[in-house]
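*Asks:* First, the structure itself, so that you have it in front of you.
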Amino acid sequence: MSEKRNINLTIADIPLSLNITASDEEIVRKAAKEINDRVLKYKSGHPEPEPFYFLAFVSLQHTITMLQQDEKYREIEQINSKLDEYIKE
């Protein structure tokens, strides 16, 4: 069992305190940095002051990317299945 630790992050000017495993700390910090980078990108082109507005953009962008990757994964699985069938023949 991995040791839990408390880390503090700020995402879009919102402070967060998380209790995570030590092995997850690097990926969590990397994710927070990516979110903050994307929020800054959106802030530079829009005057809206509310952080949730930018978080909505980042969430949408992330979800679109995730769904596109899921679709590609399903396509790869179908190809693998067809290859397996072909090899068995």
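*Asks:* Among the candidates Ala12, Ala56, Ala22, which residue alone is surrounded by 11 or more Cβ atoms within 10 Å (Cβ to Cβ), touching a strand residue (DSSP E or B) at 6+ places or on another chain (Cβ under 6 Å) and free of Cβ contacts under 8 Å to residues at least 60 places away in the same chain?
*Replies:* On the way: Ala12 fails: touching a strand residue (DSSP E or B) at 6+ places or on another chain (Cβ under 6 Å); Ala56 fails: touching a strand residue (DSSP E or B) at 6+ places or on another chain (Cβ under 6 Å).
Answer to the selection: Ala22.
*Asks:* Collect the residues in segment 30-40 that are open to solvent by less than 100 Å² (accessible area, probe 1.4 Å) and of a type in the set (D, E, K, R), keeping them in residue-number order. Spell out the reasoning first.
*Replies:* So in segment 30-40, the residues open to solvent by less than 100 Å² (accessible area, probe 1.4 Å) come out as 31-32, 34-39.
Those that are open to solvent by less than 100 Å² (accessible area, probe 1.4 Å) and of a type in the set (D, E, K, R): Glu34, Asp37, Arg38.
*Asks:* From the set of residues in segment 41-53 that are assigned to a helix (DSSP H, G or I) and open to solvent by 100 Å² or more (accessible area, probe 1.4 Å), which is farthest from Ala31 (Cα to Cα)?
*Replies:* Looking at residues that are assigned to a helix (DSSP H, G or I) and open to solvent by 100 Å² or more (accessible area, probe 1.4 Å), I get Ser44.
*Asks:* Can you go through Tyr86, Tyr73 and tell me which one is at pLDDT 90 or above, of a type in the set (Phe, Trp, Tyr), assigned to a helix (DSSP H, G or I) and open to solvent by 70 Å² or more (accessible area, probe 1.4 Å)?
*Replies:* Tyr73
*Asks:* Now for a different question. Which number in (1) of a type in the set (A, V, I, L, M); (2) under 12 Å from Asp13 (Cα atoms); (3) out of contact with any Asp or Glu (no Cβ under 9 Å at 6 or more places or on another chain) marks the one condition that Ile64 misses?
*Replies:* The single condition Ile64 does not satisfy is (2).
The values are calculated or read from the model by the stated rules, or taken from the named source; none is laboratory data. Values in this document were obtained by computation on a predicted structure and should not be read as measured data. All Cβ positions, glycine included, derive from the backbone under ideal geometry; neighbour counts span all protein chains shown. The accessibility values were calculated without ligands, DNA or RNA, using every heavy atom of the protein model including side chains. Shrake-Rupley method; radii C 1.70, N 1.55, O 1.52, S 1.80 Å.
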